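To start, the structure under review is shown below, and the notes come after it.
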Amino acid sequence: MTKPLSISTLPLLSDSVSKPNYDLEATGCGIVHIGPGAFHRAHQAYYTEKALVYGGDWRIHGVSMRSASLKEALSTQDNLYALCIVDNEPETHIIGAIKTLSTLAHDREDIVAALVNKQTKIVTLTVTEKGYCLNAQGHLDTDHPDIKADLVTPETPVSAVGLIVQALAQRKQAGYADITIISCDNVSDNGKKLQKAVTEFANKTDESLGQWITENIAFPCTMVDSITPATEDSFKANVAAELGLTDNWPIQREAFTQWVVEDNFSGPRPAWDKVGVTFTHDVSFFEKAKLRILNGTHSTLAYIGLLLGKETVFDAMRTPAIKQLIQTMLKEEIVPSLCSDNEHADSGTQDFDLNAYAQDIVKRYENKHIRHLLSQIAWDGSQKIPFRILDTVRDNLKAKRNIDLLCSAVAAWCLFVNNKARLNETITDPLDSMLRATAKSVDFQAIELAKKLLSLETMFAELSVNTTFKEKVLEKVNQLLSILSHENSNEGQQGSAPTTLTESSLDSLKGTA
């Protein structure tokens, strides 16, 4: 039986595998990370791993708010894991940056102690858009079940926001203000949104605490970028064969990786600047470009591709019509929405070539070595679409630019919801129950469902009453239904899974400005 990856078995690895080159056991924690999923382990933990070479107690205490699966998987391997860079020139790194893993249900006291510890100088988060518990107006959602519960029992929070406020209250009492809270989620102005959620929650419990947080605690904005596919059993087997050791949860990502951080800290930080992290006074343009160019087309690929029966990003991009759709969307609708920003950007962003970045994105999607599941990208559509698609729609409507393909993406999401509901399959989305119930209430009629979904103020805000936008999306739903080949005409009217998309269909979706 193969030995597990661990500190004691590191010497068994071949020289081709990069290993931690600092003292794993002597190096302490200075970071608490909430939400240690695959992206964090492939991105922020990777940068921290590289920075540990320059010294400092900057290992990570990972905190899972719900699941204990990662803690259990890595417990036998000293929290080490393999990160595989999947490209034409592959690399394998053993990451030791995560020293401790805890789960809120079982380790609450340890987690709070770590957050309050004087040695902890940074808290990072990857909790997805829904973890911020904000409403459509950008304020703390006091009707959110977790927030309601935390306001009643703030001593045992179940939300990341409540947990942070609890820790900051204790740090205020202890006089430990030198801590920086860093959002690493794909949310526009993520630091500002996190700060708003935290301070508004604090103000509801103790206004003096809210004031102290505002005056002392930095919440820098960030932009993160690297495609990180889910770990599958076949990948695990390949990693085990390469290592000669068992890794219960290895991860993979593409070679490209980027982390842009606002240079606004309450205290010290690791030597991230020496290992490729970009520090700037204005993250907004970087993160807006990434959200729109990468994430916007990612979601479009997911919903269009799944309608066509495609499984991965690479599979979708091998379909000429889809590739052309994405390229046209970038050229005619997404990049133009960013150009006016770039003209007025500060010296740190004015040389950023949007068209080159867009071309690089298309090349990254065509990486045959990356198996990035469209079904994974499609998760939490009700939370992602507002940031990835709808903000671009708003800007284009204001400037009287084209929104046809942006609306096609929204239309494809509506059909995706309808198909999942009709098949009685769970939708990985916080609105799962409501979405499926709504589809059932209209007997899975795609157009009627789209009308109801577009009226959701919590998702579409003012666009829920914007006639131009709603009519355009409904037009695209009709066009998608008419151009997709179905098993029979009755199923076609219900928006069932399509099988083919022709080149000529792109022209009908593209429309005119």
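The values are calculated or read from the model by the stated rules, or taken from the named source; none is laboratory data. Predicted model, so just to flag it, every value in this text is computed and none were measured. With ideal geometry, Cβ positions are generated from the backbone for all residues, glycine too; neighbour counts draw on all protein chains shown.
Structure values in brief
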{"read-out": "Residue among Ile326, Ile334, Ile293 that is buried (at least 17 other Cβ atoms within 10 Å of the Cβ), closer than 19 Å to Gln479 by Cα and either modelled with pLDDT of 90 or more or in contact with a Pro (Cβ under 9 Å, 6 or more places away or on another chain) (or both)", "value": "Ile326"}
{"read-out": "Qualifying residues in region 250-265 (those that are assigned to a loop (DSSP other than H, G, I, E, B) and touching a Lys or Arg at 6+ places or on another chain (Cβ under 8 Å)) - the one surrounded by the fewest Cβ atoms within 10 Å (Cβ to Cβ)", "value": "Phe256"}
{"read-out": "Wholly enclosed helices (runs of 4 or more DSSP H) of region 73-190 bearing at least 3 residues closer than 25 Å to Leu456 by Cα", "value": "145-152"}
{"read-out": "Matching entry among Thr231, Thr199 (being crowded, with 17+ Cβ neighbours inside 10 Å, in contact with a helix residue (DSSP H, G or I) (Cβ under 7 Å, 6 or more places away or on another chain) and under 30 Å from Ile94 (Cα atoms))", "value": "Thr231"}
{"read-out": "Test: residue in region 77-85 that is closer than 30 Å to Arg364 by Cα, of a type outside the set (Val, Ile, Thr), at pLDDT below 95 and more than 20 Å from the chain's Cα centre (by Cα)", "value": "no"}
{"read-out": "Complete set of residues in region 401-426 that are farther than 17 Å from Leu454 by Cβ and not in a helix (DSSP H, G or I)", "value": "Arg401, Asn402, Leu423, Asn424, Glu425, Thr426"}
{"read-out": "Residues of region 273-306 classified as in contact with a strand residue (DSSP E or B) (Cβ under 8 Å, 6 or more places away or on another chain) and among the basic types (Lys, Arg), total", "value": "1"}
{"read-out": "Matching option when the condition is in contact (Cβ under 8 Å) with a residue 40 or more places away in the chain, in a loop (DSSP other than H, G, I, E, B) and more than 17 Å from Glu242 (Cβ to Cβ), among Ile31, Ile7", "value": "Ile7"}
{"read-out": "Selection status of Val63, in the same structural domain as Lys172 (by TED's automatic domain parsing), under 29 Å from Asp146 (Cα atoms) and of a type in the set (A, V, I, L, M, F, W, C)", "value": "yes"}
{"read-out": "All positions within region 308-332 that are touching a Leu at 6+ places or on another chain (Cβ under 9 Å), assigned to a helix (DSSP H, G or I) and polar (S, T, N, Q)", "value": "Gln324, Thr328"}
